[in-house]
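Remarks on the structure that follows.
Derivation of every value follows stated rules applied to the coordinates shown; laboratory data play no part. Everything quoted here is computed from the prediction, not taken from an experiment. For neighbour counting, all protein chains shown are included, and Cβ atoms are generated from backbone atoms with ideal geometry for every residue, glycine included.
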Amino acid sequence: MMFYKYLFLFIFLCASGVRAQADSPAIAAASDLKFALEEIATRFRAETKREVRLSFGSSGNYFRQIGQGAPFQLFLSADEDFVFKLHDSGRTEDRGLLYATGRIVLFAPKGSSFAVDARMAGLKQAIDGNVVRRFAIANPEHAPYGRAAEQSLRKLGLWESLQGKLVLGENVSQAAQFATSGSTQGGIFAYSLALAPGITQQGQYVLLPEDLHAPLRQRMVLVKGAGETARAFYAWLQQPAARKILTQYGFVLPAEAAK
């Protein structure tokens, strides 16, 4: 009799754990969203009493993981093409929703060897003077912000000069850590991270012109099988309170016609 009592308890606890996981869906988000989305999720929890589990990383890596069946219920990508490809492969409910366009900055930590400017003349001078030894960007192979950094450096004729000096972050958040820590002479990363608490005190940055790179059109989508809480969070991200937080972190909101 005691055996069945403990067996019942074990099954109950396992079932409760499964329900808890289902009620707090895993959300895959581009790392440029780290501070903004954490703030949004805090508001969401307070107002709805629902829980979400946020994971931040490179959009390209999450694209591959979701394509291989990783149990994420909502994907917020920094590159809308990853969402389109997942939909084409049957992984998502639809083609999702454009939620923002991102921007990039050139950053130099305190004591760096170059001054920041929008056309990177100061960086070019420092490179020509052989005083830039390490420069941080996200890995262009799977991080959209890394691709934008590469495009900008190529357009200004600095890409070849920086070969052998680049420190590649696994995602744009790691690139920001490299650029702000003093372990590099600077870097290029997301504007949303430059606006995060504590970053602005660690150096100087300048917003880079949009004509230097392809637009960072960011799209979110529900993965097939998404549950009620994931759907509620998806809807909440479209509400004025969430959109206001995104603008506070430098994201450009899409016009209704662009959705």
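Results, tabulated for the structure shown:
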quantity: Angle between the chain longest axis and helix 144-155 axis [Cα atoms, degrees, rounded to 10]; calculated: 20 degrees
quantity: Overall dimensions of the chain as given by Cα atoms, namely Rg and Dmax in Å; calculated: 20.8, 82
quantity: From the C-alpha gyration tensor of the stretch 102-212, square roots of 5λ in Å; calculated: 17, 16, 13
quantity: Virtual paramagnetic centre 7 Å along Cα→Cβ of ARG133, amide N under 18 Å, in the stretch 173-212; calculated: 178-187
quantity: Label point distance in nm, SER89-LEU162, each placed 7 Å from Cα along Cα→Cβ; calculated: 2.9 nm
quantity: DSSP bridge pairs, the chain: antiparallel proportion in percent, nearest 5; calculated: 60 percent
quantity: Contact order normalised by residue count of the chain, Cα under 8 Å, 6+ apart, percent; calculated: 28 percent
quantity: Potential lengthening between GLU141 and GLN65 on full extension [0.36 nm per residue; Cα-Cα distance subtracted]; calculated: 25.8 nm
quantity: Within the chain, helix-based [θ] at 222 nm, where runs of 4 or more DSSP H residues each add -39,500 (n - 2.57), nearest 500; calculated: -12500 deg cm²/dmol
quantity: Cα-projected label distance for GLN248 with ALA115, points at 7 Å along beta-carbon direction, nm; calculated: 3.4 nm
quantity: Distance between modelled label sites at GLN201 and THR101, nm, 7 Å Cα→Cβ extension; calculated: 3.4 nm
quantity: Out-of-range pairs (alpha-carbon distance over 27 Å; input LYS165/LYS244; LYS85/LYS124; LYS34/LYS110; LYS49/LYS224; LYS34/LYS224); calculated: LYS165/LYS244; LYS85/LYS124
quantity: Among VAL172, VAL52, VAL83: highest mean-square fluctuation, GNM of the chain, C-alpha pairs under 10 Å; calculated: VAL52
quantity: Magnitude of the charge dipole, the stretch 127-259, Cβ model with Lys/Arg +1 and Asp/Glu -1, debye to 20; calculated: 260 debye
quantity: For the stretch 102-212, share of DSSP beta bridges that run antiparallel, in % to the nearest 5; calculated: 65 percent
quantity: Label-zone membership for the stretch 43-61, site ASP23, 7 angstrom Cα→C-beta point, backbone N under 19 Å; calculated: 43-54
quantity: For the stretch 102-212: relative contact order, % (alpha-carbon pairs under 8 angstrom, 6 or more apart); calculated: 42 percent
quantity: Within a Gaussian network of the chain (alpha carbon springs, distance under 10 Å), most fluctuating of PRO144, PRO71, PRO197; calculated: PRO197
quantity: For the chain, built as a Gaussian network whose Cα springs stay under 10 Å, the top-fluctuating residue of GLY57, GLY187, GLY164; calculated: GLY164
